[in-house]
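Each remark here refers to the structure printed beneath this line.
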Amino acid sequence: MMQHLQEAGIAGIVVYLLIVVVLGIRVIMQRRPPGVSAAWLLSLILLPYVGAALYLLIGERALGRRRSARALAMRGAVAHWFDRLLGQTAAAMGAVEPRWAPMRDLAAGAAGSAAVLGNRLSLLDDAERILQSIIVDIDSARQMCLLEFYIWNPGGTADDVAEALIRAARRGIPCRVLLDDVGSAEFFDSDWPRRMRSAGIELCNALPAGLVRALFRRIDLRLHRKLVIVDRRLAYTGSLNLVDPRCFKQSAGVGRWVDAMVRIEGPVVDALAGLFAWDWAMETGEDFPVPGEPQVGAPQKPGEHAVVQTVPSGPSFEAPAIVQLLLSAVYGARKELTLTTPYFVPDEPLIGALRAAAQRGVRVRLIVPEKVDSFLARQASRAFYGDLLDAGVEILQFRGGLLHTKSVVVDRELALFGTLNLDMRSFMLNFEVTLIIYGGSFAERLAMLQAGYAEQSEPIDRQEWRRRPALQRFFENVMHLVSPLL
């Protein structure tokens, strides 16, 4: 009996070593950020069987062979489309302040993103007003309506948007709706898909998830973009999912979700239309539908000539590009830097950049919600607060609900606005879209919105923070170790 136990113990050790060595080598060969690799290696060593199962499920950014083949086949058509957009950038070159020219060039080189002049931007910060504006624009559509969201939650004014789409489809307007399969699961379980398809709306669920699919590709890679495009004439993007906050996650105990969107008229709408076309083709297997000739950038009215770049990010794109752009914005700050995000689980380079900005005299403010709908994200976020507070970063906890707006404003001259959270999931795993807006007009308006958030927030006192219980600090530090995996 004892001999059998010894043999079983030796076999267990051998299996343990094989798991650690084989998957450890694979982790190392992936050449991801050191923190991510170290977290995976630690999980494989301490929890070899659980760690191995998690790594095989979510450890690599695999999208599946068919999807990769489609991306490769479309690359030529997509590159041609964005090359034509880049050809429209001559007027924008001189309209960007010289200090931001390197950032503009980085976005163009790393993300294939054109900076285009002649855009009119309207910042909307009330969910009901945003949804009603979308309804009005859909009702005025004459050519097409394209919608892409992570979450469509039935109920309230979100249902009125669906009715507007049905009206548009019945008067002959081509309508396409692309929704994340997981984020919009409740929508797909409702009667709305049948009603929409009956009216002639093309509806597609993006990145379908399931146990069988998990054997072939990673299932937690999600489509997190929010886009509305009407007639290639106007577009919306920002943080608001297609939900009515009065009906969405009322039992989560975080209050109403607080969001903002931007309504855009001008040439950058073409870039967003091209992005939708790419996502649609990737999910349906159709050919890349070239949206048409790019619009020529020209100011809509005197003074309304914002230069805007669209930066898509996600597993199909060069992963570090969006992080490099964010770091460029932080390091470019001279006077003030304000960031809002619902989920703050950054990597070490971003923490270092924020600390360096504060230490060189920039007023750095990070506004986050007091309560979030993810316990792990909240604890991992708090693990970074001490280092930031010690460097002089102001951390404000928003008390007016779950602040969901994702925004960065630098010196009231440059703004980053879109769907990107300041966490590793958004940086590396989710399909996101970010607008870079050059010039003070929009940045000033966004800064005023951020100031309104700040007025509804409570700053974290550094001394009180240092006095929090030791057990709480220990748990936060444990979450800090695994934060690269969150």
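The values are calculated or read from the model by the stated rules, or taken from the named source; none is laboratory data. All of these numbers come straight from a predicted model, not from anything done at the bench. Note: ideal-geometry Cβ built from the backbone for every residue, glycine included; neighbour counts use all protein chains shown.
Does residue 182 fit the bill of being touching a residue at least 24 places away in the same chain (Cβ under 8 Å) and surrounded by fewer than 20 Cβ atoms within 10 Å (Cβ to Cβ)?
Working: touching a residue at least 24 places away in the same chain (Cβ under 8 Å): yes; surrounded by fewer than 20 Cβ atoms within 10 Å (Cβ to Cβ): yes.
Spelling it out, residue 182 is indeed touching a residue at least 24 places away in the same chain (Cβ under 8 Å) and surrounded by fewer than 20 Cβ atoms within 10 Å (Cβ to Cβ).
Here the condition is being surrounded by 18 or more Cβ atoms within 10 Å (Cβ to Cβ), under 23 Å from residue 443 (Cβ atoms), among the small types (Gly, Ala, Ser) and at pLDDT 95 or above; of 321, 353, it holds for 353 alone.
Being more than 23 Å from residue 454 (Cβ to Cβ) and either touching a Lys or Arg at 6+ places or on another chain (Cβ under 6 Å) or at pLDDT below 85 (or both): is that true of residue 312 here? Here the answer is no, as residue 312 does not meet what is asked. Looking at 131, 117, 106, just one residue is closer than 17 Å to residue 410 by Cβ and modelled with pLDDT of 85 or more, and that residue is 106.
Counting only residues that are among the β-branched types (Val, Ile, Thr) and in contact with a helix residue (DSSP H, G or I) (Cβ under 9 Å, 6 or more places away or on another chain), which one in the stretch 199-244 is modelled with the lowest pLDDT?
Going residue by residue through the stretch 199-244, those that are among the β-branched types (Val, Ile, Thr) are 201, 212, 219, 228-230, 237, 243.
Then drop every residue that is not in contact with a helix residue (DSSP H, G or I) (Cβ under 9 Å, 6 or more places away or on another chain), which leaves 201, 219, 228-230, 237, 243.
Values: 201: 98, 219: 66, 228: 98, 229: 97, 230: 96, 237: 98, 243: 97.
Among those residues, the one meeting the criterion is 219.
The set of residues from the stretch 416-428 being surrounded by 21 or more Cβ atoms within 10 Å (Cβ to Cβ), of a type outside the set (Phe, Trp, Tyr) and either within 17 Å of residue 350 (Cα to Cα) or not assigned by TED's automatic domain parsing to the domain that holds residue 328 (or both) comprises 416, 420, 421, 422, 423, 424, 426, 428.
Taking the criterion of being in a helix (DSSP H, G or I) and in contact (Cβ under 8 Å) with a residue 12 or more places away in the chain, the residues of the stretch 130-155 that qualify are 130, 131, 132, 133, 134, 135, 137, 138, 139.
Sort out which residues of the stretch 231-289 are more than 26 Å from residue 115 (Cα to Cα) and hydrophobic (A, V, I, L, M, F, W, C), and write them in order of number. 242, 243, 247, 248, 252, 254, 257, 258, listed by residue number.
Only one of the numbered conditions (1) more than 20 Å from the chain's Cα centre (by Cα); (2) modelled with pLDDT of 95 or more is not met by residue 146, and that is (1).
How many residues does the stretch 113-129 hold that are surrounded by fewer than 22 Cβ atoms within 10 Å (Cβ to Cβ) and either on the phi > 0 side of the Ramachandran plot or in a helix (DSSP H, G or I) (or both)? Even if it seems obvious, please write down each step before you answer.
Our first condition is that a residue be surrounded by fewer than 22 Cβ atoms within 10 Å (Cβ to Cβ); within the stretch 113-129, this holds for 120, 122-126, 128-129.
Those still in the list that are either on the phi > 0 side of the Ramachandran plot or in a helix (DSSP H, G or I) (or both) too: 128-129.
Of the residues in that region, 2 qualify.
Checked against the criterion of being polar (S, T, N, Q), touching a helix residue (DSSP H, G or I) at 6+ places or on another chain (Cβ under 9 Å) and not assigned by TED's automatic domain parsing to the domain that holds residue 151, the stretch 433-445 has at least one qualifying residue. I'm trying to understand the selection: among the residues of the stretch 138-151, which are of a type outside the set (A, V, I, L, M) and surrounded by fewer than 21 Cβ atoms within 10 Å (Cβ to Cβ)? Matches in the stretch 138-151: 139, 140, 142, 143.
Just one of the numbered conditions (1) more than 19 Å from residue 200 (Cβ to Cβ); (2) at pLDDT below 95 is not true of residue 124: (2). Across the stretch 112-130, what is the total count of residues that are under 19 Å from the mean Cα position of the chain (by Cα) and either charged (D, E, K, R) or within 19 Å of residue 440 (Cβ to Cβ) (or both)? The qualifying residues number 2.
Picking from residues in the stretch 248-283 that are at pLDDT below 90 and surrounded by fewer than 17 Cβ atoms within 10 Å (Cβ to Cβ), the one that is farthest from residue 176 (Cα to Cα) is 253.
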